[in-house]
1. From a point 7 Å beyond the Cα of Lys75 in the direction of its Cβ, which residues of region 17-36 have a backbone N at a distance under 12 Å?
2. Roughly speaking, what is the stretch gain from Arg59 to Ser35, that is 0.36 nm per residue apart minus the C-alpha to C-alpha distance, in nm to one decimal?
3. Quick one: compute a quarter of the convex hull surface over the Cα atoms of the chain and quote it in nm².
4. Zone of Leu3 (label point 7 Å along Cα→Cβ, backbone N under 13 Å): which residues in region 43-70?
5. Starting from the chain, pick out the GluC sites (Glu not before Pro) whose DSSP state is loop and whose Cβ has at most 13 other Cβ atoms within 10 Å.
6. Within the chain, how many Lys pairs sit with Cα atoms under 23 Å apart, leaving out pairs fewer than 8 places apart on the same chain?
7. Whole-Hz Karplus ³J(HN,Hα) for region 30-44, in order, using 6.51 cos²θ - 1.76 cosθ + 1.60 and θ = phi - 60°, x for Gly and Pro?
8. Let me check against my output: what whole-number percent is the relative contact order of the chain, with C-alpha pairs under 8 Å and at least 6 apart?
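Computed from the coordinates by the stated procedures, all read-outs in this text should not be read as laboratory data. The model shown is predicted, which means the values in this text are computed figures rather than measured ones. Heads up, the Cβs are rebuilt from the backbone with ideal geometry, glycines too, and the neighbour counts pull from every protein chain shown.
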Amino acid sequence: MVLEKVKQIIAGKMSISEDEITVDTKLKEDLQADSLDMVELVMAAEDEFGVEIEEDAVREFVTVGDVVKYIEANKK
């Protein structure tokens, strides 16, 4: 499941528990993700799912759910 993998990636990169992450978790406000964190998360997601995440799309990501929806719509 995409959500579970995304939660694993975020938990590993942000050093928090997967239990703290939901589809409604806000990347910047709740997780305090800065631009470097976002780059690392995007690169890990691209590797994991075999998708290319456009820079414009990354700017639109507000919640974990936004990331999941993008990956589900664009994975091969």
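1. Those under the cut-off are none; the list is empty.
2. Between Arg59 and Ser35, full extension yields 7.7 nm more.
3. One quarter of the hull surface, i.e. the mean projection, equals 4.3 nm².
4. 64-69
5. Taking the chain and a limit of 13 other Cβ atoms within 10 Å, the loop GluC sites (Glu not before Pro) found are Glu29, Glu52, Glu54.
6. Final tally of qualifying lysine pairs is 18.
7. Ordered by residue, 3J(HN,Hα) equals 7, 9, 6, 6, 9, 5, 5, 4, 5, 4, 5, 5, 5, 4, 5 Hz.
8. 39
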